[in-house]
Amino acid sequence: MTNNVLEELKASIPKELVEEIRLSKAKSNIVEIVIKPENLRKIALHLRNLGFNYFIGIETIDWWKKDNTFELIYMFSSIERNGQLVFVRFKIPRDNPVVDSIHDIFPLAYYQEIENYEFFGVVFRNHGGLRKWILEGNWDGPPPLRKDFDSRKWVLEKYYGGKRYERPI
């Protein structure tokens, strides 16, 4: 099944939209599509039209020390194809992390994009609802899941005067 999907995607996606289509190095039942970020919307529409109509989520990997980028992995599945998984991967610079929103194509992406904005600082063009959603309203620090930010140290300094917090017994 996976090899059929791999071949179908290779045949149907215009070559100028992808850098590579391959089986995942980690799990051979996942097809990965490596793209440039500007092609995300076109690829998402194409996958939806091929029956990959279930959006699972967005993973963000902070490659701070390696090449100062974020790698975003969008995960799609197809119920019609017995849960076949397709991951779409691309990198964006950490100093200007901007990518197009796909929440109008896959509504579940709305909240995934808010989380990525809040925790990593990734800006999703044409989203319209990026805001703090999970962090408390008094969080005024940088996005806490960036690898170059020590959130523990920041919380200790902000709320406990830099001293280690001891929970009362």
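Note: relative contact order over segment 36-105, using C-alpha pairs below 8 Å and six or more positions apart, is 33 percent.
Using +1 at the Cβ of each Lys and Arg and -1 at the Cβ of each Asp and Glu in segment 13-169, identify which of 40, 155, 114 lies farthest towards the dipole's positive end. Farthest along the dipole direction, towards plus: 155. Taking a point 7 Å out from the Cα of residue 147 in the direction of its Cβ, the residues of segment 58-72 whose backbone N falls within less than 13 Å of it are 60-72.
Ignoring lysines fewer than eight residues from residue 36 along the same chain, the ones with Cα atoms less than 26 angstrom from its Cα are 10, 15, 25, 27, 65, 66, 91, 147. Remark: the chain carries a charge dipole of roughly 400 debye about the Cα centre, counting +1 on each Lys and Arg Cβ and -1 on each Asp and Glu Cβ. Only helical runs count toward this figure. For the chain, summing -39,500 (n - 2.57) over DSSP H runs of n ≥ 4 and dividing by all residues gives -7500 deg cm²/dmol at 222 nm. Taking the square roots of five times each eigenvalue of the Cα gyration tensor of the chain, the equivalent ellipsoid has semi-axes of 35, 16, 16 Å, listed largest first.
Take every Cα pair under 8 Å whose residues are at least 6 apart in sequence, average their separation, divide by the length of the chain, and the relative contact order is 15 percent. Restricting the calculation to Cα atoms, segment 81-169 yields a radius of gyration followed by a Dmax of 17.0, 55 Å. Here the gap between residue 8 and residue 154, fully extended at 0.36 nm per residue and compared with their Cα-Cα distance, gives a gain of 47.7 nm.
Where a number appears in this text, it was derived from the coordinates with a stated rule and is not lab data. Here the structure is a predicted model, which is why all the values come from computation and not from measurement. Glycine also receives a Cβ, built like all others from the backbone with ideal geometry; neighbour counts cover every protein chain displayed.
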